[in-house]
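Written out below as structure tokens is the structure these notes cover.
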Amino acid sequence: MTNRGLYIHVPLCTSKCLYCDFYSLPVAEELVSQYLDAVVREIRLKGEIWGGPVSTVYFGGGTPSCLSLGQVATILRECNRFFTWKPGSEITFEINPNRGEIDYLRGLKSLGITRLSVGLQTAEPRHLTLLRRQHTVSDFYRISENIASAGFGNYSVDALYGFPEQTLDEYLCTLKTIVSAGVNHVSSYALQLEPHTPLAVEVAQGNITLPTEDEVADMMLAGRDYLVAQGLSHYELSNFAAERYESEHNTIYWENEQYIGLGPGASSFIKGRRFSNVDNLAHYAILLNANRLPVVACEQLAGLQEMGETMILGLRMLRKGVNRERFHQRFGCDCVQLYNRVVSKFVAQGLLEVTAATVRLTARGFPLANRVQMEFLP
Amino acid sequence: MQDRIRNFCIIAHIDHGKSTLADRLIEVTGTMAEREMQEQVLDSMDLERERGITIKLQAVRLIYRAQNGTEYILNLIDTPGHVDFSYEVSRSLAACEGALLVVDAVQGIEAQTLANVYLALDSNLTVIPVINKIDLPSADPERVLREIEEVIGLPTDNAILCSAKEGIGINEILEAIVREIPPPQGDIHAPLQALIFDSHYDTYRGVISYVRVVNGSISRGQKIRLMATEREYEVDDVGVFTPPRLPVPILTPGMVGYCIAGIKNVKDTRVGDTITGATNPAPLALTGYRKITPMVFCGLYPSENNQYDELRDALDKLKLNDSSLIYEPETSEALGFGFRCGFLGLLHMEVIQERLEREYELDLVTTAPNTLYRVMTTSAEELFIDNPAHLPPSNKIETMYEPFVKASIIVPEEYIGTMMELCQERRGTFRNMEYLDTARVVITYELPLSEILYDFFDQLKSRSRGYASLDYELIGYREADLVKLDVLLNGEPVDALSCIVHADRAQQKGRGLTEKLRKIIPRQMFDIPIQAAVGAKIIARETVKAMRKDVLAKCYGGDITRKRKLLEKQKEGKKRMKQVGSVEIPQEAFMTILKVDE
């Protein structure tokens, strides 16, 4: 059996960040318990159908750290009734820097969480306020210290760049703060202006200006150079890791393998079919109370579509790239032959490289990944 | 029978209430029950209703019992009010004996009304002045009547004051039509002569010709001949417009109606042609219309090359009832296969484009419009150039000429200064200024037609807060110092971006154009130099820097579909662009030249 991931979405947030367009709910007692009841039902329902071994578990959000230890325990216990994982499997938990109490972290550790992903975004106090993040820079120092004390060896931090008012130096400064905190994984990604977010409104009204494409490109490249110089490998378009600390769960997505998503708005990919759950908690709960899967969109991928997505996702991995052997096993053909015209065009332009084992983006190619990836769409 | 027919049209400026008046006439005569009436029956195209303008001719038959007890047939033939469509106006005038001149009681006479009323008087039509909107508080019918007398020189003793909106004066208008407009002449026993004044294509019935019978008669089963093409057909059906088509047994002199004769090929009927009998044909065709030469040209290309045939068919069909539209195939290196189309003016061009896109669901790329240039070559050859790309090299050109117009602008006196400024900027020569009344003037300028094509009308409106109205007529070609401005992308000239400009303006235009293109052309994988050149000389240069970053952020929670859709959208956007050499150009770039600020 190939790798399979289990994703649990926690759509709770104490407040909405300036740039966020995901469905989220305020942390209110009745909403949390409604969520918990419903997600437990979903675990049972999906567990009956797709239960069995998984290789990774991931709590994402939203803000999973809005949950108490007891609530996390309930979810994990229920998952364990239907899904099994080997001891030592990667179990990631996204956490806000302001949940750095040592007891909370120790508790997560004892529940079996192996990897923490901290949503710092920026270490510049002015920017934390601007982005409406609910934590301070000293929260980050504390959580980093306590993560080490609690014994988590696998520690990732998110950093955001290309947002309003941010300079290149300030971004590099954030990266420096992160690296000094003893992380072994960094997700560094550019802000994307999503319509209908408070940020989009401010930009449209002219109150806030976004940095230019060139400024963002400078941050991307300088940030990459810095992290690589610190010994982290740029293994995926927006991810950097020390040796052996690459995210296993996310690798499942990038290798276009299967995953089961739980919680409002969560996506799943099972046996060539993509599902997504309804994102509204009330609707989600009603469907589950009626013993129905809370699925609102389901798409069976046609052959060429699945192959195209395998290429598009695989190209996100800058070291591994698309594994030609595995592609062949899965689809019965060689991807270089299948996409001969596109591949040779980009090889000639120096954006792709092909080896016996893999097809991947070059150092010149990764900043223009979309240009390459879109050509693999059916 | 014939003496109980009255054929008339309505002349009015946009917004002066022509359509509302027509609706009222239809309603009062009971031609349509109220519930059947859609507001403004005659403007049947969506486009006409949206823009509040009339583009196409329409005809409707009204049955009216006059106060003398006799029942009359009143044929109303609609006329467009915009400057571009004087050709259509001349067509409807040829089918009528009289016209209602509708003038807004607040606004007074506008430039286009003047032009059309002169056309009507030249065609010996009886003109009845109608002052509309007298219900408005600011109405000043006395002033407007004075304007009509003084400016047009038309007596106003028979003028009617009305409010089409409120239904005031409608019966008086109907009585005046019966009383003042002469019945049609014509001999039912003479050989058939019927004027085709419009036509349209019906998928089921073929070509439907709108006709006005002048002499003789036309009925089902009759063998007819189209005099221009000399082709013969058998009549399937004749009838009148109520406005829906209503079959009648026979159309006799003076009658306005339709004729269907199994004509499948759009090109076989020509608007302005005469229908006669296959046996006993008339010796002469009726006088057609004042033929108007299209003066505005642009390239129309399907944005998907496989839509070329559909575009040709659509143009064929539009041509059927718009004989002023001309087109011929052309090829552009940048845009592939398309058509060079000639129009009466800018509005006409816009209307055709919109109809092609809406009614025929075509996706088009349009090049910037230009006029028809006259060129004398060094070998004393005379050429007419409708596409800048076809201009001979400058060393082969002896002299160039461009069309000039006489423009009349009617405007309140406080805008005289701004209007003159605008005309001076556009290389205009002042000719005359006359007061219409104490507050309004007619300013007359001579201007190159090409200067009117670029944003002139919008400027006119915005600089006069919407008060100015414009009419223009061609006054011929004049010598001008013109050059061809080429645009090079990545060192390669792009034929569809070339334009002809006045030599003094080339530098300025070139700079504006390259700057605008730099903003419109998205960054690509390499630097793209944009150059403007006159001959071999580069006069302006800009660069679109190579794209440096195009990456989607991480996949939140495995939502791959969302990522894929973003990529699909991006790819779709890329596909809509035109590939010229190695450069991708957005379609709107080809209209850029229109929007260059000077």
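What follows is calculated from the coordinates using simple rules that are stated; it is not laboratory data. Quick caveat: nothing in here was measured; it's all calculated off a predicted structure. When we count neighbours, we look across all protein chains shown, and the Cβ atoms used for this are built from the backbone with ideal geometry, even at glycine.
The shape of region A:11-72 can be summarised by an equivalent ellipsoid whose semi-axes, obtained from the alpha carbon gyration tensor, come to 24, 15, 11 Å from longest to shortest. With the simple spin-label model, which puts each label point 7 Å out from Cα in the Cβ direction, the B:A503 to B:A278 separation comes to 6.2 nm.
Beyond a 31 Å Cα-Cα separation, which of these cross-linked pairs lie in this structure: A:K46/A:K109; B:K484/B:K571; B:K18/B:K406; A:K176/B:K569; A:K176/B:K549; A:K176/B:K575? Too far apart for the 31 Å limit: B:K484/B:K571; A:K176/B:K569; A:K176/B:K575. First measure r as the distance between the Cβ atoms of B:Y308 and A:L69, then evaluate 1/(1 + (r/R0)^6) with R0 = 45 Å and state the FRET efficiency to the nearest 0.05. With R0 = 45 Å, the Cβ-Cβ based efficiency is 0.10. Amide H contacts of B:V214 (H built 1.01 Å from N, in plane; Pro and chain starts excluded): B:Q193, B:A194, B:L195, B:G254 sit under 5 Å, all sequence-distant by 5 or more or on other chains. Note on chain A: Rg/Rh from Cα positions, Kirkwood definition for Rh, rounded to two decimals, is 0.95.
Close amide H partners of B:V583, meaning residues 5 or more places away or on another chain with modelled amide H under 5 Å apart, do not exist here.
Evaluate E = 1/(1 + (r/R0)^6) for A:S138 and A:E243, where r is the Cβ-Cβ distance and R0 equals 35 Å; express this FRET efficiency to the nearest 0.05. Once rounded, the FRET efficiency stands at 0.70. Counting 0.36 nm for each residue step from A:E213 to A:C173 and taking away their Cα separation leaves a gain of 12.4 nm.
Scattering from the protein assembly as shown was approximated by placing one identical point on each alpha carbon and applying the Debye formula without solvent; log10 I(q)/I(0) at 0.04, 0.05, 0.10 1/Å stands at -0.32, -0.48, -1.10. If a/c stays under 1.5 just call it rounded; otherwise compare a/b with b/c (prolate if a/b is bigger, oblate if not). Do that for region A:295-378, with a ≥ b ≥ c from the square roots of the Cα gyration tensor eigenvalues. The shape class here is prolate. Of the three principal axes defined by the Cα atoms of region A:211-343, the extents in descending order read 54, 40, 33 Å. Over region B:514-590, the alpha carbon radius of gyration divided by the compact-protein estimate 2.2 N^0.38 Å works out to 1.42. Computed across region B:151-266, the Kirkwood radius stands at 16.5 Å (inverse of mean 1/r, all Cα pairs).
Around the amide H of B:L364, modelled in the peptide plane, lie the amide H atoms of B:S303, all under 5 Å away and 5 or more residues distant in sequence or on another chain. With a 10 Å cut-off around each Cβ of B:537-549, the average count of Cβ atoms from other chains is 3.
Classify region B:335-472 as rounded, prolate or oblate, taking a ≥ b ≥ c as the square roots of the eigenvalues of its Cα gyration tensor: rounded when a/c is under 1.5, otherwise prolate if a/b is larger than b/c and oblate if not. It is oblate, given that a/c is not under 1.5 and a/b is not larger than b/c. What the phi angles of region B:435-447 give under the Karplus curve with 6.51, -1.76 and 1.60, with θ = phi - 60°, is a coupling list of 7, 6, 8, 6, 10, 10, 10, 10, 9, 10, 10, 9, 9 Hz, glycine and proline written as x. When the P(r) of region B:394-453 is calculated, the portion above 16 Å amounts to 49% of the C-alpha pairs.
Between A:V347 and A:T129, the simple spin-label model (points 7 angstrom out along Cα→Cβ) gives 5.5 nm.
The mean count of C-beta atoms from other chains within 10 Å of the C-beta of residues in A:361-373, rounded to a whole number, is 4. The alpha carbons of chain B stretch over 84, 70, 59 Å along the principal axes, in descending order. Take the Cα of A:K16, step 7 Å toward its Cβ, do the same at B:E434, and the gap between the two points is 6.5 nm.
If you plug the beta carbon distance of A:V201 and A:K271 into 1/(1 + (r/R0)^6) with R0 = 51 Å, you get a FRET efficiency near 0.80.
Applying a 4.7 Å cutoff between beta carbons, the unpaired cysteines of chain A are A:C13, A:C66, A:C79, A:C173, A:C298, A:C333, A:C335.
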